[in-house]
Amino acid sequence: MGKTLFDKVWDAHVVDTIPNGPQILYIDKHLIHEVTSPQAFNELEERNIPVFRPEQIVATADHNTPTLNQHLPIKDELSRKQLEQLSDNCKKNNITLYELGHKYNGIVHVMAPELGITQPGMTIVCGDSHTSTHGAFGTIAFGIGTSQVAQVFASQCLLLTKPKSLRVTVNGELTNGVLPKDVILYIISKIGTNSGTGYFCEYAGDVFENMSMEGRMTVCNMSIEMGARGGMIAPDDTTFEYIKGRKFAPKGEVFDQKVAYWKTLPTDDDAVFDKEYHFDAADIEPMLTYGTNPGMGIKVSGFIPETDDASFEKALDYMNFKKGETLIGKPINYVFIGSCTNSRIEDFRIAADYIKGKQKAANVTAWLVPGSKQVEAQIIEEGLKTIFDDAGFELRQPGCSACLAMNDDKIPQGEYCVSTSNRNFEGRQGQGARTILASPLMAAATAVEGKIIDITKQLQHQVSHEYTAV
Amino acid sequence: MEKFKTLTSTAIPLDIENVDTDQIIPARFLKATNREGFGENAFRDWRFQKDGTVNVEFVLNQPQYEGPILVAGDNFGCGSSREHAAWALTDYGFKVIVSSFFADIFKGNALNNGLLPVQVTPEFLKKLMTAIKANPPTKITVDLVAQTIGIDGSDHTESFVIDAYKKSCMINGYDDIDYLLSKKDSIEHFEKTLI
């Protein structure tokens, strides 16, 4: 029987198997940030264990960082201390750190791929559930807890039971205005937030084959929102082209050898998955969430389901929405374009293309937060910043920002935010804040209109504009 | 890590599905650099009203319910990988979480902190919820050695599954680092074979 992409990468990293128990999996790259690493460093120090392979670790500061005035000392004392501790720990243990202000600083899942650190066939872990992002390269990448961060520090390995395999296939052509974010929100709305638990997911079919690396990252990023530890897409020419020439990418002959190996990774035709789902691209429309988990999503033209269930009603109560109603026309005061899901250059190009020549609605506070210093520089270089400035938008500095209400960027109590981030949990963007997840195009349109609109209707009148998942 | 074999105690019914780790410990409390003290802010935004007063409606604030066993709705611990959620629960005093389904990362984090996740069938979860709500002093027995969970004074009992390796870690108070360090030679040997 043939092997899946996941099998091939997993099997190549098994050091040993405990009889009737887990396997020892070797980790190629370990990414760390300020929030989930300090306790792991402390543990090693207390137990007098050295960091085993510091050269395979890369650190960045992202969760706690302000997105304004990054050149000034951080005001919040606890945040400042956590960042200082990251710097100290990295220095002490010879770990490369792209700290605040560094030209490579950024959200861990934006920074590593754009530097060519993320490569097909690797195993990558990070104390962050959205590590699944890196699966876009045909990488086994997943989030881990802090105890596991300490284990990787100590041994460059983890003890794991091999997950089951799941494949989601989407064939056909996406319609205008449907972006990778809509594709993944659609999938999660169909299969639910826990159908991927215990599985590693592979995304297959025309839709993903035709997607850019940025789009693939958006999709894989949200694998955890359906419970899957990770999501992968087979590496192909799009992948190799993206990696080629990046800072830490293999060069010259080594690159060619790697490509030859990477080409052997895609799932064999006769491989069998434990579970499969199939969807038709034509059925997907721009999506919005209406509840308090990412599975509670509807098409922009749709209506909130009429489900009788206590948890469902609790969610609607929190959102102050009613069963059976549409979200179109809802006034929105906050818009956030950013996070490890949608803060790459392509996302800002889409937003700028829509915004160009328009004005932000007066009632809207809109935060545009690039995923990294490199994305920020590119936004300026491509002239997108001028478009945003002219339209009354604020381009902030890189970081996780309003995705998780840990830094200064919080949505006020009771306010709705149309957000390109990944989680609409209660209080995720600030205490009492109400999150509506959407694509960068839907977010940009909301910011311009000051309310939710049916973007598909607007696009029908603007045939010259093509917004597709390229 | 603390050892765990059996536990008999009253339990707290948290009858909510999809409890994510942002609810267990909101991100604004993740700025500490040690593992202690997170219990104070466990379920912070459910335990307290927006004005800081105690939310008497929330089950953890209802005096009839107490004990180190939390019985929770389906898909407990979904969302963020923050191990702070497991630390918050143990620091608050929980030793066992019962649910019909756990998110992967949370389950691993719990086991790495001596917090036992017990996965039961949806039917048994319903029985537990009903029994505890009808009579809060109801005692539940969790026996890790026998891998069973039962409602005392009734014949309602169910067995649960746990990885044999993780079970022995919990019973003996070992953690994965000890094991991995003992395998250093194999790891170094493996590194030489990498492409």
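The values are calculated or read from the model by the stated rules, or taken from the named source; none is laboratory data. Bear in mind that the values here come from a model prediction, so they are computed numbers and not experimental data. Glycine also receives a Cβ, built like all others from the backbone with ideal geometry; neighbour counts cover every protein chain displayed. With ligands, DNA and RNA removed, areas are computed over all heavy atoms of the protein, side chains included. Shrake-Rupley method; radii C 1.70, N 1.55, O 1.52, S 1.80 Å.
Brief remarks on what is shown
- Accessible area in square angstrom per residue, chain B, 1.4 angstrom probe: 42
- For chain B: relative contact order, % (alpha-carbon pairs under 8 angstrom, 6 or more apart): 26
- Residue among B:48, B:106, B:124 with the largest mean-square fluctuation in a Gaussian network model of chain B, springs linking Cα atoms under 10 Å: B:48
- At least 50 Å² accessible surface lost relative to isolated chain, residues of the stretch A:145-174 (1.4 Å probe): A:147, A:151, A:159
- Less than 5 angstrom separates the built amide H of residue A:451 from those of A:332, all sequence-distant by 5 or more or on a different chain.
- Accessible surface of residue A:10 - all protein chains present, 1.4 Å probe, nearest 10 Å²: 10
- With helices as the sole contributors, chain A gives -8500 deg cm²/dmol at 222 nm; each DSSP H run of n ≥ 4 counts as -39500 (n - 2.57), and the sum is divided by every residue.
- Chain A, relative contact order [Cα under 8 Å, separation at least 6], %: 18
- Proportion of all alpha-carbon pairs of the stretch A:5-278 beyond 23 Å (%): 54
- Counting every C-alpha pair in chain B, the share spaced more than 19 angstrom apart comes to 61%.
- For the stretch A:408-429, residues shielded by at least 20 square angstrom of accessible area compared with the chain on its own, probe 1.4 Å: A:413, A:423, A:425, A:426, A:428
- Ordering of A:101-108, A:211-218, A:227-234 by packing [mean C-beta count within 10 Å, highest first]: A:227-234, A:211-218, A:101-108
- Backbone geometry of the stretch B:78-95 corresponds, through the Karplus equation with coefficients 6.51, -1.76 and 1.60 at θ = phi - 60°, to 3J(HN,Hα) couplings of 6, x, 3, 7, 3, 6, 3, 5, 5, 5, 5, 5, 5, 5, 6, x, 7, 10 Hz, x marking Gly and Pro.
- When the surface is traced with a 1.4 Å probe over the full set of protein chains, residue A:340 keeps roughly 10 Å² accessible.
- Contact order relative to length of the stretch B:1-73, as percent, for alpha carbon pairs under 8 angstrom and 6 or more apart: 51
- Residues in the stretch A:254-368 average 43 Å² of solvent-accessible surface per residue, probe 1.4 Å, ligands and nucleic acids excluded.
- With 40 Å² as the minimum drop in accessible area between chain alone and full protein complex (1.4 Å probe), the qualifying residues in the stretch B:173-195 are B:176, B:177, B:179, B:180, B:181, B:184, B:187, B:190, B:191, B:194, B:195.
- Shape descriptor for the stretch A:373-470: Rg over Rh equals 0.99 (Cα atoms; Rh from the Kirkwood inverse mean 1/r).
- Peptide B:105-118 has a mean shielding of 3, counted as Cβ atoms of other protein chains within 10 Å of each residue's Cβ.
- Carbon plus sulfur fraction of accessible area for the stretch B:97-183, probe 1.4 Å, in percent: 55
- Share of carbon and sulfur in the accessible area of the stretch A:314-435 stands at 47%, probe radius 1.4 Å.
- Solvent-accessible ranking of B:155, B:143, A:269, largest area first, probe 1.4 Å: A:269, B:155, B:143
- For the stretch A:3-85, the alpha-carbon radius of gyration amounts to 1.53 times the rule-of-thumb value 2.2 N^0.38 Å expected for a compact globular protein.
- For the stretch A:41-94, the solvent-accessible area with a 1.4 angstrom probe is 55 square angstrom per residue.
- Considering only beta bridges that DSSP places wholly inside chain A, some 25 percent are antiparallel.
- Rounded Å value of the spacing that divides the Cα centres of the stretch A:279-299 and the stretch A:314-349: 12
- Shielding score for B:59-69, defined as the mean number of other chain Cβ atoms within 10 Å: 0
- Relative to its residue count, the protein assembly as shown spans a Cα convex hull of 150 Å³ per residue.
- Between residue A:435 and A:417, the built amide H atoms are under 5 Å apart, and every one of these is 5 or more places off in sequence or on another chain.
- Heavy atoms of residue A:296 accessible to a 1.4 Å probe, total area in Å² rounded to 10: 20
- Association of chains A and B removes close to 4900 square angstrom of accessible area from solvent, both sides included, for a probe radius of 1.4 Å.
- With every protein chain in place, the stretch A:240-302: carbon and sulfur % of accessible area (1.4 Å): 48
- GNM result for chain B, Cα springs below 10 Å: residue of B:142, B:56, B:98 fluctuating most strongly: B:56
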